[in-house]
Amino acid sequence: MTRRERWQAWVRQGPHLYVITDAGYAGKSHVEIVREALAGGAELIQMRDKTLPDRAFYEQARECARLCREAGAWFFVNDRVHVALAVEADGVHVGQDDLPPDVVRRLVGDDRLIGRSTHSPDEFRRAHRVEPVDYVAFGPVFATQTKPQAVPLGVPLLRDMMKEAVRPVVAIGGITLDRLPALVPTGVTMVAVVSDIMTGRIADRVAAYRAALRSLAS
Ligand code: TZP
Ligand code: MG
């Protein structure tokens, strides 16, 4: 089975938790965050750090990728396509200011996964219709301190966008446990969480999200 076939099979078993590392919130290294998230049962982790120099990012990403591989969890690198390739990550997540997805596809090849951030209906539609990506993130759904300037899009708009979705969709932004009952019925494949997991006991928070998602799955 190819990686993308495994991905498609896993996607169908959702909704899943999508953990995004933030060393600032956690006060820990990405490697420590990944260890704790995996101990809580994380199945997908994205390493995200906007400030680390490439060398330091790479050193940690290499270890995070190894830990995820060993645990059978998906590992994504945020923004840095070259590092995703260097550490043989499962995929790379790119936003609107990063390399365009068709260029990323050319660089990473057919089997590696590409995730895409979108922040408006136009971006969401383009990601679904023309971009060669494996999932589409939409948000922030709720206001969040992690991206304070971004305008929250809201659950009603997410629900509307889901009618047009033909790819796995990741809800992101301001997600907390008590908001899952509003999000899961929209049909999203994944919920991505930064601060609500990074600021607590990471393994326990991951386990709590997984249990909540399981109980809400239809
Ligand atoms: N993209 C849209 S919202 C967001 C990103 C990276 C941050 C989400 O963080 P949090 O702390 O889970 O609200
Ligand atoms: Mg980016």
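Read the figures in this text as sums done on the coordinates, not as results from a lab. Note that the structure is predicted; figures quoted are calculated from it, not measured. Using ideal geometry, Cβ is built from the backbone for each residue, glycine included, and neighbour counts are taken over all protein chains shown.
Values as computed for the structure displayed
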{"read-out": "Where a label projected 7 Å from the Cα of THR199 along Cα→Cβ would reach, residues of the stretch 105-142 with amide N under 15 Å", "value": "142"}
{"read-out": "Rounded to the nearest 20 debye, dipole of the stretch 3-217 from Cβ charges on Lys, Arg, Asp, Glu", "value": "340 debye"}
{"read-out": "Distance in nm between pseudo-label sites at GLU164 and GLU59 (7 Å out along the Cβ direction from Cα)", "value": "4.5 nm"}
{"read-out": "The stretch 53-179: radius of gyration over Cα atoms, expressed as a fraction of 2.2 N^0.38 Å", "value": "1.10"}
{"read-out": "Sequence-separation-based contact order of the chain, relative, with Cα cut under 8 Å and 6+ spacing, percent", "value": "24 percent"}
{"read-out": "Set of aspartates and glutamates near LYS28 by C-alpha distance (under 12 Å), chain-local residues within fewer than 8 positions excluded", "value": "GLU36"}
{"read-out": "Burial order of peptide ranges 32-42, 201-211, 15-25 (average beta-carbon count within 10 Å, highest first)", "value": "15-25, 32-42, 201-211"}
{"read-out": "Spread of Cα-to-Cα distances over 5 Å intervals beginning at zero, given as percent, for the stretch 142-218", "value": "3, 14, 26, 24, 20, 10, 3, 0"}
{"read-out": "Residue (of LEU52, GLN96, VAL206) at the positive-pole extreme of the stretch 3-217, dipole from beta-carbon charges", "value": "VAL206"}
{"read-out": "Approximate spin-label separation LYS50-SER29, in nm, with each point projected 7 Å along Cα-to-Cβ", "value": "2.4 nm"}
